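*Asks:* Sharing a structure, written as structure tokens. Questions coming.
The values are calculated or read from the model by the stated rules, or taken from the named source; none is laboratory data. Because the structure is a prediction, the values reported are computed rather than measured. In this analysis, Cβ positions are derived from the backbone assuming ideal geometry, glycine residues included, and neighbour counts consider all displayed protein chains. Protein only, heavy atoms only, side chains kept; ligands, DNA and RNA dropped before computing areas. Shrake-Rupley method; radii C 1.70, N 1.55, O 1.52, S 1.80 Å.
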Amino acid sequence: MDKGSVKLAPSILAADFAHLGEQVAEAERGGADRIHVDIMDGHFVPNITMGAPVVQSLRKVTSLPLEIHMMITDPDSFLDEFVKAGSDSFLVHWEGNNNLHRTVQRIRSLRKQVGVAINPATPAFVLEEILPDLDQVLVMTVNPGFGHQSFISTTLPKIKRVGQMIEQLKPGCELEVDGGIDEATAQLTVAAGANVLVAGSAIFGANVGVCAAMQRLRGSIISNGDRQQFQVKKEQLCS
């Protein structure tokens, strides 16, 4: 895989919400490709996060695509309000969805990008029938619900299997990973076939600032031959 084509999706779950607009703007300046928004309802996962008003506020401060990761029991009931708020794409879970095809087609009818997420214990083969309808697949590399978790290394073979399925069934479908992504695990997941990396703590929790953290993560997956050119660009972006 061309590592230059790997996309970064900062997860605002780890951001400082007192300065959310500023931090998202800094992530954009640092080269973010999209903003990842985790929606949790306290039922599907044991945590409650944010709703459509936060997305509406984000839409005012960034032109980046807003990717909505719906960790909720009934995503279909909330799609319209998130679309109205300015969402660009949706990730819904395979787990707990009684009619995944209907949910995916509903998102398509709203003219939004759609992906399916699978948890660490969910095998890759469950994607076989739905994959041709998807724009992306999200492989969770931690159990969903909380930030600041450690990367589950046993998900690496699954990332590779999902990549093989994509090549066979839907070339061009993005392969995204989420959970415990930092400079070390970014390299591992990209080597396994991922081309979109969701990162929260490594970006918004870093002590070097959001822009510099973005560039540090990007630099971890840049080849040696491109490193000098990348360093110049990094200094220009974050100066």
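*Asks:* Which condition breaks for Thr185 when tested against (1) open to solvent by less than 70 Å² (accessible area, probe 1.4 Å); (2) out of contact with any strand residue (DSSP E or B) (no Cβ under 9 Å at 6 or more places or on another chain)?
*Replies:* (2)
*Asks:* Does the stretch 32-41 include one or more residues that are over 20 Å from Met140 (Cα atoms) and open to solvent by 20 Å² or more (accessible area, probe 1.4 Å)?
*Replies:* Taking every residue of the stretch 32-41 in turn, none turns out to be over 20 Å from Met140 (Cα atoms) and open to solvent by 20 Å² or more (accessible area, probe 1.4 Å).
*Asks:* Could I ask something else about it? Looking at Leu156, is it of a type in the set (A, V, I, L, M) and under 26 Å from Ser77 (Cβ atoms)? Spell out the reasoning first.
*Replies:* On the way: of a type in the set (A, V, I, L, M): yes; under 26 Å from Ser77 (Cβ atoms): no.
Against the criterion (of a type in the set (A, V, I, L, M) and under 26 Å from Ser77 (Cβ atoms)), Leu156 does not qualify.
*Asks:* Of all residues in the stretch 58-75, which are polar (S, T, N, Q) and in contact with a strand residue (DSSP E or B) (Cβ under 7 Å, 6 or more places away or on another chain)?
*Replies:* Taking the stretch 58-75 as the starting set, the residues that turn out to be polar (S, T, N, Q) are 62-63, 73.
Thr62, Thr73, listed by residue number.
*Asks:* When the stretch 33-48 is examined, which residues are found to be modelled with pLDDT under 90 and within 23 Å of Gln23 (Cα to Cα)?
*Replies:* Result: Asn47, Ile48.
*Asks:* Among the listed residues Ile159, Ile166, Ile221, identify the single one that is modelled with pLDDT under 95 and open to solvent by less than 20 Å² (accessible area, probe 1.4 Å).
*Replies:* Working: Ile159 fails: modelled with pLDDT under 95; Ile166 fails: modelled with pLDDT under 95.
Matching residue, one of Ile159, Ile166, Ile221: Ile221.
*Asks:* Is it true that some residue in the stretch 11-20 is over 21 Å from Leu138 (Cα atoms) and in contact with a Ser or Thr (Cβ under 9 Å, 6 or more places away or on another chain)?
*Replies:* Yes, the stretch 11-20 contains at least one residue that is over 21 Å from Leu138 (Cα atoms) and in contact with a Ser or Thr (Cβ under 9 Å, 6 or more places away or on another chain).
*Asks:* Pairs only if they're at least six apart or on different chains, beta carbon under 9 angstrom, first in the stretch 17-46 and touching a residue at least 24 places away in the same chain (Cβ under 8 Å), second in a strand (DSSP E or B) and loosely packed, with under 14 Cβ neighbours inside 10 Å; list them, first residue then second.
*Replies:* Met40/Ile48; Asp41/Ile48
*Asks:* Here is a check on your reading of the model: is Val55 among the β-branched types (Val, Ile, Thr) and touching a residue at least 60 places away in the same chain (Cβ under 8 Å)?
*Replies:* On the way: among the β-branched types (Val, Ile, Thr): yes; touching a residue at least 60 places away in the same chain (Cβ under 8 Å): no.
When the stated conditions are applied, Val55 does not pass them.
*Asks:* Another one. Take Val55 and decide whether it is within 19 Å of Phe204 (Cβ to Cβ) and touching a Leu at 6+ places or on another chain (Cβ under 7 Å).
*Replies:* So Val55 fits the description; yes.
*Asks:* Restricting to the stretch 155-178, and then to whatever is without any contact (Cβ under 8 Å) to a residue 40 or more places away in the chain and part of a loop (DSSP other than H, G, I, E, B), can you tell me which residue is nearest to Val24 (Cα to Cα)?
*Replies:* Gly172
*Asks:* Give Gly179, Gly200 a once-over and let me know the one that is open to solvent by less than 20 Å² (accessible area, probe 1.4 Å), modelled with pLDDT under 95 and touching a His at 6+ places or on another chain (Cβ under 9 Å). Let's see the steps before the verdict.
*Replies:* Details: Gly179 fails: touching a His at 6+ places or on another chain (Cβ under 9 Å).
Only one candidate passes the filter, namely Gly200.
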